[in-house]
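Read the structure below first, then the notes.
The values are calculated or read from the model by the stated rules, or taken from the named source; none is laboratory data. What you see is a predicted model; the values in this text were computed from it and never measured. Quick reminder, even Gly has a Cβ in these numbers, built from the backbone with ideal geometry, and neighbours come from all protein chains shown. Just the protein is used for accessible areas: all its heavy atoms, side chains included, with ligands, DNA and RNA removed. Shrake-Rupley method; radii C 1.70, N 1.55, O 1.52, S 1.80 Å.
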Amino acid sequence: MSETMATKTVEQAIEIEASPDEVWQAISTAEELQRWFPLTAEIVPGVGGTVTIAWGPDVAGTGRIDVWEEGRRLRYIERPPVPDETVQVTVDYTIEARLGRTVLRMVQSGFSAADDRAHYLDTIDSGWRYFLSNLKHYLERHAGTPRRMVWDRRKIGLAKAEAWDVLFGDNGLAATELPPTPGAAATLWSGDAGEVDLISHPIHLSCRCPGINDALLFVELEPGSGAFSLGVWLSLYGVPEPRAAELEASLNAKLDALFEPVEIERVKYQARNA
């Protein structure tokens, strides 16, 4: 992250073995956006149009497009979910061809530097690192294939470091040696083999899943203290629907086994001894 006198900026870049047009389509059309980024998307193209993305009914947002240069640059203005609704945040994509590959740069700027919300900005920074990696994974390995997302998002109440160990320790969601390291073997809740990819302790972890047609698993411990949300997202490409439904049902059951149901009103949470 970079910082000016008034704002903080999240910056990420990734090199992809794909054409600039393929990358442009991936960031500027709803159909392609849904194959690497949100659960659902709607895009009204052109300057003055909109980009709407959602990860469920309570996690959604719309930005107004103010730069639309086909094949080169897309920028839209949004409002962050916390804590100051008057602050405008921009998401700015720039595409550059380089030696037969394409570099995509993403700059999300306008976060207030005066606000004490480092946990929020750290999650944004780490999240973009994962999502751009998912874009690269999609375009290089599954281009043109619709994504079926297997997911679960729920409140849990452990300290994040403890929840992290529950998720990735013995009999966890993606069991591996603690602390997890890139390239380490993992055993998913379904029994499938995985390989740890990106890690931002104790915020994000992703795994490549070669046994599930090269799927990609993303686990997110969202910002917050006390009550916070855990999100688990498995991007499937070319996996038959019965197998996808089986994975989703077993994911829900595994999280039920790992964590007690949350009592929102009492703000009291416990983990099961699994």
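Things worth noting here:
- Where a residue in the stretch 6-20 is of a type outside the set (S, T, N, Q) and open to solvent by 30 Å² or more (accessible area, probe 1.4 Å) and its partner, wherever it lies, is at pLDDT 90 or above and in a loop (DSSP other than H, G, I, E, B), with Cβ under 8 Å and at least six apart: Pro20/Gly71; Pro20/Arg72
- Only one entry in Leu121, Leu135 is modelled with pLDDT of 85 or more, under 17 Å from the mean Cα position of the chain (by Cα) and open to solvent by less than 60 Å² (accessible area, probe 1.4 Å), namely Leu135.
- Filtered residues of the stretch 1-22 (kept if modelled with pLDDT under 95 and assigned to a helix (DSSP H, G or I)): none
- Filter pass, Ala97 being of a type in the set (Gly, Ala, Ser), in a strand (DSSP E or B), touching a Pro at 6+ places or on another chain (Cβ under 7 Å) and modelled with pLDDT of 90 or more: yes
- Residues (at pLDDT 95 or above and in a loop (DSSP other than H, G, I, E, B)) located in the stretch 218-274: Gly238, Val239, Pro240
- Residue in the stretch 158-172 that is in a loop (DSSP other than H, G, I, E, B), within 23 Å of Asn213 (Cα to Cα) and touching a helix residue (DSSP H, G or I) at 6+ places or on another chain (Cβ under 8 Å) present: yes
- The single condition among (1) at pLDDT 95 or above; (2) in a strand (DSSP E or B) that Lys155 does not meet is (1).
- Verdict on Tyr130 being in contact with a Lys or Arg (Cβ under 7 Å, 6 or more places away or on another chain), hydroxyl-bearing (Ser, Thr, Tyr) and in a helix (DSSP H, G or I): no
- Cβ-Cβ under 6 Å pairs, at least 6 apart or on other chains, the stretch 26-54 side within 20 Å of Ala215 (Cβ to Cβ) and touching a residue at least 60 places away in the same chain (Cβ under 8 Å), far side surrounded by 17 or more Cβ atoms within 10 Å (Cβ to Cβ) and of a type in the set (S, T, N, Q): Trp36/Asn134
- Each residue in the stretch 196-217 was checked for being open to solvent by 10 Å² or more (accessible area, probe 1.4 Å) and either closer than 19 Å to Trp36 by Cβ or part of a loop (DSSP other than H, G, I, E, B) (or both), and 10 of them qualify.
Table: residues versus (1) crowded, with 18+ Cβ neighbours inside 10 Å; (2) aromatic (Phe, Trp, Tyr); (3) touching a strand residue (DSSP E or B) at 6+ places or on another chain (Cβ under 8 Å).
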position: Val23; (1), (2), (3): yes, no, yes
position: Glu32; (1), (2), (3): yes, no, no
position: Ile43; (1), (2), (3): yes, no, yes
position: Trp55; (1), (2), (3): yes, yes, yes
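- Any hit, the stretch 115-124, residues being in a strand (DSSP E or B), in contact with a Lys or Arg (Cβ under 7 Å, 6 or more places away or on another chain) and either in contact (Cβ under 8 Å) with a residue 60 or more places away in the chain or under 25 Å from Ile14 (Cα atoms) (or both): no
- The residues of the stretch 159-180 that are open to solvent by 20 Å² or more (accessible area, probe 1.4 Å), of a type outside the set (Val, Ile, Thr) and at negative phi, listed by number, are Ala159, Lys160, Ala161, Glu162, Asp165, Asp170, Ala175, Glu177, Leu178, Pro179.
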